[in-house]
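Everything on this sheet refers to the single structure shown next.
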Amino acid sequence: MAISREDVHKLIEKIPDEKLPDLIKLIEILSIPEDEPTKDEMKAIETARKEYENGETYSYTIDELRKEFLEND
């Protein structure tokens with residue numbers, strides 16, 4: 001299913017004004033260009049994979065993520 005910019009604009013119109021700052025932050029994140037990872041980033045990714053495979057990860061709820069990433073500005 002292809003989504004058009006018009007579809008996105010319609011959805012944006014439905015978002016309450018008090019949530020617009022959150023929307024701006026999400027759009028900013030999505031608009032960051034995707035570069036090739038650095039050596040340090042690749043090492044961090046490999047470490048994270050190993051932690052995941054060993055069950056050493058933590059599950060976050062959407063509310064915890066929202067608080068950490070959207071409310072700390």
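The values are calculated or read from the model by the stated rules, or taken from the named source; none is laboratory data. If you're wondering where the values come from, they're calculated on a predicted model, not measured in any experiment. Quick reminder, even Gly has a Cβ in these numbers, built from the backbone with ideal geometry, and neighbours come from all protein chains shown.
Observations
- Tabulated pairs, region 39-64, first free of Cβ contacts under 8 Å to residues at least 24 places away in the same chain, second in a loop (DSSP other than H, G, I, E, B), C-beta under 7 angstrom, 6+ apart or interchain: Ile45/Pro37; Glu51/Thr57
- Checked across region 43-50, the condition of being β-branched (Val, Ile, Thr), at pLDDT 90 or above and surrounded by 10 or more Cβ atoms within 10 Å (Cβ to Cβ) holds for at least one residue.
- Residue in region 18-42 that is surrounded by the fewest Cβ atoms within 10 Å (Cβ to Cβ), counting only those that are over 23 Å from Glu68 (Cβ atoms) and not aliphatic (A, V, I, L, M): Pro33
- Tally of residues being within 18 Å of the chain's Cα centre (by Cα) and of a type in the set (D, E, K, R) across region 37-73: 8
- Number of positions in region 1-17 that are polar (S, T, N, Q) and either surrounded by 10 or more Cβ atoms within 10 Å (Cβ to Cβ) or within 16 Å of Leu70 (Cβ to Cβ) (or both): 0
- If you go through region 53-73 and pick out every residue that is within 29 Å of Asp22 (Cα to Cα) and either part of a helix (DSSP H, G or I) or of a type in the set (Phe, Trp, Tyr) (or both), you end up with 11.
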